[in-house]
1. Across the stretch 20-78, what is the total count of residues that are in a loop (DSSP other than H, G, I, E, B), open to solvent by less than 50 Å² (accessible area, probe 1.4 Å) and farther than 19 Å from Phe223 by Cβ?
2. List pairs: first in the stretch 78-94 and over 16 Å from Asn186 (Cα atoms), second in a helix (DSSP H, G or I) and modelled with pLDDT under 90, Cβ under 9 Å, 6+ apart or cross-chain?
3. Counting residues that are not hydrophobic (A, V, I, L, M, F, W, C), which strands (runs of 3 or more DSSP E) fully inside the stretch 85-203 reach at least 2?
4. Considering only residues that are surrounded by fewer than 17 Cβ atoms within 10 Å (Cβ to Cβ) and of a type outside the set (D, E, K, R), which ones fall in the stretch 160-169?
5. Quick one: is Arg275 within 25 Å of Glu161 (Cα to Cα), open to solvent by 30 Å² or more (accessible area, probe 1.4 Å) and either at pLDDT below 95 or among the small types (Gly, Ala, Ser) (or both)?
6. List the pairs whose first member sits in the stretch 158-175 and is over 14 Å from Val270 (Cβ atoms), whose second member is open to solvent by 100 Å² or more (accessible area, probe 1.4 Å) and of a type outside the set (Gly, Ala, Ser), and whose Cβ atoms are under 6 Å apart, counting only residues at least 6 apart or on separate chains?
7. Of the conditions (1) touching a helix residue (DSSP H, G or I) at 6+ places or on another chain (Cβ under 7 Å); (2) surrounded by fewer than 16 Cβ atoms within 10 Å (Cβ to Cβ), Asp212 clears all except one; give me its number.
Amino acid sequence: MPAVTAPAQQPTTLTAKPALLSGDARLTMLQAIDFQFADVQKRRRSLIRAAWALRRHGVICLRAAASQDTVDAIQTEINGLLSEIQSGDHGRLETLAYLNLPEQRVLKGYNHFRDADRPVINYRVARPDGRSGSDAGMIDIFHPERLSDSLRSGITACLQEDLIRRLLWISSLNHMVVKCRNLYLNYGVKDTRSYHCDGRSLKFKSFVYLTDVRHLDDGPYCFVPGSQRRRRLWWRSARYNKHNNLGPFEFSQLADEQALPLFANAGDMVISCQRGAHCGHPQAATAQRAALVNMYQR
């Protein structure tokens, strides 16, 4: 028999990831971006300091933005919703939301999810072509505030939109509006997207953690401080991506850069400029993370 030739392997595109800040360096960075939500809410000086820290570093953390009672109430309702999905009896939910289950896709494409006339419960699944960055294992609920009156009340209390719009105005000198609300539920998500930006237009996201995220295994949000202001850093990746068949918004060349993992307690809020390099850290198989997310745009 003729010898069987093994199929040629596709060349691996090399990307340079940043190191994660740790120890004293991480604590020093945190001191520059950490604020108590109550101070920002009550004291104009604290609001301005937080806004300018966001402008400079691209990311801030507001501690205790939501009460534990509010977080617990949302978590209880989410658990009931997930139990209903897992039961297989979807009659009630199908009158409230579009269900994009792993084996039953009703809608496709981010724009359709964002503009849907009711909530979309979207299970992210592995990409058919095997590419990485699928976030398989994540449940992404669009417009969760429309699922019930009680969820609407709790989500409104958590997201603090009036105050955050004021903060973003001071930081960016632009009026920002909420374009989409999401609820991210991550369960052992390992195939996370690498460092990227959400396009080059001016956007911000606020994340209110509903679970504690205290270790790398929990899958913290990671951000390269100051990267939203550094055009050369962006163009270095853009040129590399163009010649190596990578997406246009990947931050693929971050050698010698450092990223900050945002550890937080349930109820803390992270705000970041989405022009900056960011990603979700891969989780351990048994880890869980839940977060309410707002997208602000002009």
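The values are calculated or read from the model by the stated rules, or taken from the named source; none is laboratory data. Computed from a predicted model, the values in this text were never measured in an experiment. Quick reminder, even Gly has a Cβ in these numbers, built from the backbone with ideal geometry, and neighbours come from all protein chains shown. Accessible surface is based on the protein model in full, side chains and every heavy atom, while ligands, DNA and RNA are left aside. Shrake-Rupley method; radii C 1.70, N 1.55, O 1.52, S 1.80 Å.
1. Here is the first cut: in the stretch 20-78, the ones in a loop (DSSP other than H, G, I, E, B) are 21-22, 43, 58, 64-67.
Adding the requirement that they be open to solvent by less than 50 Å² (accessible area, probe 1.4 Å) leaves 21, 58, 65-66.
Okay, now just the ones that are also farther than 19 Å from Phe223 by Cβ, so 66.
The total comes to 1.
2. Pairs that qualify, where the first residue is over 16 Å from Asn186 (Cα atoms) and the partner is in a helix (DSSP H, G or I) and modelled with pLDDT under 90, are Leu93/Ile85.
3. Qualifying strands (runs of 3 or more DSSP E): 98-100, 120-123, 177-187.
4. Correct list: Leu163, Trp169.
5. Criteria not met by Arg275.
6. From the stretch 158-175, the pairs are Asn174/Arg298.
7. (1)
This table checks each residue for (1) within 21 Å of Ala136 (Cβ to Cβ); (2) more than 15 Å from the chain's Cα centre (by Cα); (3) part of a helix (DSSP H, G or I); (4) not acidic (Asp, Glu).
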| residue | (1), (2), (3), (4) |
| --- | --- |
| Asp217 | yes, yes, yes, no |
| Arg232 | no, yes, yes, yes |
| Ala285 | yes, yes, no, yes |
| Leu292 | no, no, no, yes |
